[in-house]
Amino acid sequence: MASCRHQMLFNRKKSHNPDNDGDLESSYDCQSLEEAIRQADMLIEEERLLEAARILNSIDIECLLDDHKNIISKAEDILEFLEDINSTIDVDDQRSSQDFNEDFENSSYINHWVEQKIDCGKRPGTIFYKLKSDGVLTLKVETPIEKSLLIPLLSVLNESELYPSWIPSWTIPHFSITRSIKLQQRGRASQTLLLTCEVPWPLLTREVVISADAVDDIEGPSEAIIVRLKTLTHTEDNKEIVPPPESEKICRISFTGGFTFQKPGKSDKDEDHNVEESFIISSFLARIDSNLLSFPKPLLDFVLKHAFGLVWKKLLSVAEEIRDGKRPLHQKVIESKRASLYDWVDQRVNHMLQLNQRRTVTNNDQL
């Protein structure tokens, strides 16, 4: 559930009372209504979806197009995601990796958070995961990164056609991404993509169609860059975008989650992370319904204890290689999209850091 602050931002009145002069929905005449919608549309083009939704939510719903109603719905979903990813892990529900090793055979780790530290050099990272008895896996990762690593990291995530060039694959157990297709590009950085993953026989090939929506909320309550991820299914409404599985041997999985990139809070110190330049907290949250409990225990052990940490470390190391000029394919794509995407990201991140610095100075002055 969204926080009280978020609920207040999106608390629409279900009916309009013409006798209530304070009703936001009654405050627009034709000219101001057109201006409000125009302003919301401009914000949508700038990926500032939450700001646009706050404006649209103050307008009588009967005056909105379906596209605007969809923006409000997306915004509510993103606010719930932010509440989820920023929530604190319940310490009483948490187990260590050592507990996991001891309890793996009797499966007593199920329905408990397991903490796993990952060595990312000067970027200490932590993975939390919980496998529930219904087979749904929740995964949460957090790592500080240097500002200079953000655009390379975003390019690794955004350039889905290049996934096969860096995502790890394994022979024993057989585990690899065999297909990555961009199905649709929306705006600067939002897209729909299809990923196919081969797993050991006799398990069915896993496949997922992901909708990725990029949101700039740097000047909003979250002060973050957000990438919201959700799976799409092949339905009558979206059959032109989402293809059906190519065979009965493909299992489409359900996935929801996303990334946030934020300036650290008061409790995060540069010296704690041994980072010399300004750094940003990169966080990832996912809920995956892939029926993991059907996996043989050796494969489940590999996925939970090794695969996720290795992929996260690989993600960061590839971003480093891009920054250091060792990934020409990614560098070529970044240069080709500088005007439309990556220069804009750089400007927004600089703005985020400047806002954070101003808030810090103001808070110090008030002490």
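Observations on the structure shown:
- Distance between the pseudo-spin-label points of residue 324 and residue 110 (7 Å out from Cα toward the beta carbon): 4.3 nm.
- Full-stretch length increase - residue 253, residue 310 - with 0.36 nm per residue and alpha-carbon distance subtracted: 18.4 nm
- Residue-wise HN-Hα coupling along region 211-222, computed from phi with Karplus coefficients 6.51, -1.76, 1.60 (Hz; x: Gly, Pro): 9, 10, 10, 8, 9, 9, 10, 4, 9, x, x, 7
- 1.4 Å probe accessible area per residue over region 149-230, in Å²: 37 Å²
- Stokes-Einstein translational diffusion, region 164-266 - Kirkwood Rh over all Cα pairs, 0.692 mPa s, 37 °C, in µm²/s: 211 µm²/s
- Each peptide among 204-214, 129-139, 244-254, 335-345 gets the average number of other Cβ atoms lying within 10 Å of its residues, and from highest to lowest they stand as 204-214, 129-139, 335-345, 244-254.
- Per-residue extension of 0.36 nm, minus the Cα-Cα distance of residue 335 and residue 33, leaves a gain of 104.7 nm for this segment.
- Heavy-atom accessible surface of residue 45, to the nearest 10 Å², is about 140 Å², with a 1.4 Å probe and all protein chains retained.
- Computed over region 45-94, Kirkwood Rh from alpha-carbon pairs, angstrom: 12.5 Å
- Nonlocal amide H pairs with residue 175, under 5 Å, H built at 1.01 Å: 170
- In this structure the amide hydrogen of residue 126, modeled in the peptide plane, comes within under 5 Å of the amide hydrogens of 118, 142, none closer than 5 places in sequence on its chain.
The values are calculated or read from the model by the stated rules, or taken from the named source; none is laboratory data. On a predicted model such as this, the values are computed, not experimentally measured, just so you know. Here Cβ is always computed from backbone atoms with ideal geometry, including for glycine, and neighbour counts include all displayed protein chains. Side chains are part of the model used for accessible areas, which takes the heavy atoms of the whole protein and leaves out ligands, DNA and RNA. Shrake-Rupley method; radii C 1.70, N 1.55, O 1.52, S 1.80 Å.
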